[in-house]
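The structure appears right after this line, and notes come after that.
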Amino acid sequence: MFYLNNVTVSKHCFVFLVLAATVLIYSEAHVLEFTIEPTDTVVESGQSAVLDCTVKASQYQPFVLIQWLDEDRQQLTFSGDVYRSQLTNGSLYINSVSEEQGLTGSYRCMATLPNVGSIVSRSAKLSVASLSGFHEEPRDITVFVGQKAYFACRVQAFPIPKIKWLKDERPFHLDDLRMTILPSGALEIDEVLESDQGSYRCNVSSMNSYNLSSKGKLKVDVEIDIAAHVAAPTFIAKPYREVVIEGQDISLDCAANGFPKPMITWLKNGVAIDLNDLDSRYSLIGSTSSLKITNIQESDGGTYQCRAQNREDSEDASATIEIQVPPRFIVKPIDIIEFEHKDIQLNCSVHGKPVPKIEWLKNGEPIVPSDYYQIDNEHSLKIMGLIPNDSGLIQCVASNSAGNIQTAANVKVLKAGSITQLKFESKISQPTIEFWKSKMTVVMINDASVKSNMIVHVRNIIEHYY
């Protein structure tokens, strides 16, 4: 949709007359837009990486220049750069990624149409794979035969690591009927047998790095008489507070022993979760009592309670789940064509959690608020008293800790007195187009056809005088 002199044209195209008597039609497609934007990438130290960037321009635009910017928005020149280069398709290639050489961080690509303007892509983060220390490791535990055993293995790693378990320093082969490696990496053993006694540790690997946890010893008590004594539930695993991004999967560990064997139920904000609903995204993991939530949504945020209950007592273990939502556009700025000296306003509304920060750019450069460029609560940009230099590509960029997005609008400023009104009367391929100038002469085109190259071929031009 375009605007001209306060007249809205929304029938899929906009028509204007140029000096050479050629009539062009602008479709609702953007003059310039990204079809592929660079994405966050993680590689091993010393390995290569490629950040892709592909743009699409209007059919009548033959050439698009692609450049790359670093996290300071400085253009990469590649002159004398032995690590970075630009491929013929516009992608950025880094032949050996390392933090020591300053090659990690954020990158953006910038696309430029000569005589039109520039847009920048979303910001993509290039990182080296990391494997830090353990947040929680296996601990010694004593249980009776028939009870549960749980060994934690929580580590900060990116990308998500692979976890294997050792028993008595040897590779451990799980009994799938009684044993489960939870998504958190923890090992849970159900219906413990005397033969399960021993020491357990986890081996965490990510790409070419690995880390061994400390040992946790499992002691199995075979005193049946003592095991049969009534005992209130005791947690051997509790859920942790989590911060997750919408769309990801999450698991909350929970396990308890007692006699009689405790029954585990899950509650959200004090209300029991129906795990029997076939359409539910909530489920228990295998034969365990740990909870899995798939494709987590913003509405899933809240306090989750694992309740262990038997006839002796009831115990709760709680954890808060915070959902972060990547920005998404509710309202995007639209292309505008207006005369010089007029005022225009571009609107941009975004939803996300945390609340996204909005930044306005013109031809890839941040717009500094002033009396001329007025930014209202970040969500609208007013340009007061247009001048020809205001023509260009305006972007709304929204970002929060969960992600960042961008969208662009084309602003074209016309000379005053060139065309004062436009009327587009047809939805079909042979439109009637009328132009008024100075309220005196009307040029009517009533024999035109729209070709696939988006140019209107005119056969008859009739002039009327009032």
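Read the figures in this text as sums done on the coordinates, not as results from a lab. Being a predicted model, the structure only gives us computed values, none of them experimental. So basically every Cβ, Gly included, is an ideal-geometry build from the backbone, and we count neighbours across all protein chains shown.
Chymotrypsin sites (Phe, Trp or Tyr not before Pro), restricted to segment 60-102: which are DSSP loop and have at most 10 other Cβ atoms within 10 Å?
When the chymotrypsin sites (Phe, Trp or Tyr not before Pro) of segment 60-102 are filtered for loop state and at most 10 Cβ neighbours within 10 Å, Phe63 remain.
Can you pull out the trypsin sites (Lys or Arg not before Pro) in segment 205-291 whose DSSP state is coil and whose Cβ has at most 14 other Cβ atoms within 10 Å?
Hits after loop and neighbour filter: Arg241, Arg281.
By the scheme Lys and Arg +1, Asp and Glu -1, what is the net charge of all other residues having a beta-carbon under 11 Å from that of Met263? It would help to have the intermediate numbers written out before the result.
Numbers: positive: Lys261, Arg307, Arg311; negative: none.
Residues near Met263 contribute +3 overall.
Using DSSP to define loop residues, name the trypsin sites (Lys or Arg not before Pro) in segment 159-210 whose beta-carbon has at most 13 other beta-carbon atoms within 10 Å.
none
Under a Cβ-Cβ cut-off of 11 Å, what is the net charge of the residues other than Thr288 that fall near it, where Lys and Arg count +1 and Asp and Glu count -1?
Once all neighbours under 11 Å are counted, the net charge is 0.
Based on alpha-carbon centroids, what's the gap between segment 364-408 and segment 242-284 in Å, whole number please?
Between the Cα centres of segment 364-408 and segment 242-284 lies a distance of 45 Å.
Treating only the Cβ of Lys, Arg, Asp and Glu as charged (+1, +1, -1, -1), what charge dipole size does segment 175-243 show about its Cα centre? Round to the nearest 20 debye.
Dipole magnitude for segment 175-243 comes out near 520 debye.
Give Lys357/Lys412; Lys162/Lys219; Lys382/Lys412; Lys148/Lys217; Lys125/Lys353 a once-over and call out the pairs whose C-alpha atoms are over 18 Å from each other.
Correct reply: Lys357/Lys412; Lys162/Lys219; Lys125/Lys353.
Around Val204, with a cut-off of 11 angstrom between Cβ atoms, what is the net charge of the other residues, counting Lys and Arg +1 and Asp and Glu -1? Mind showing how you got there, number by number?
Working: positive: Arg154, Lys162, Lys164, Arg201; negative: Glu137.
Residues near Val204 contribute +3 overall.
Viscosity 0.890 mPa s, temperature 25 °C: Stokes-Einstein D of segment 97-243 from its Kirkwood Cα radius, in µm² per second?
132 µm²/s
Taking a ≥ b ≥ c as the square roots of the Cα gyration tensor eigenvalues, with a/c under 1.5 meaning rounded and otherwise prolate when a/b beats b/c, else oblate, which class fits segment 210-315?
Here segment 210-315 falls in the oblate category.
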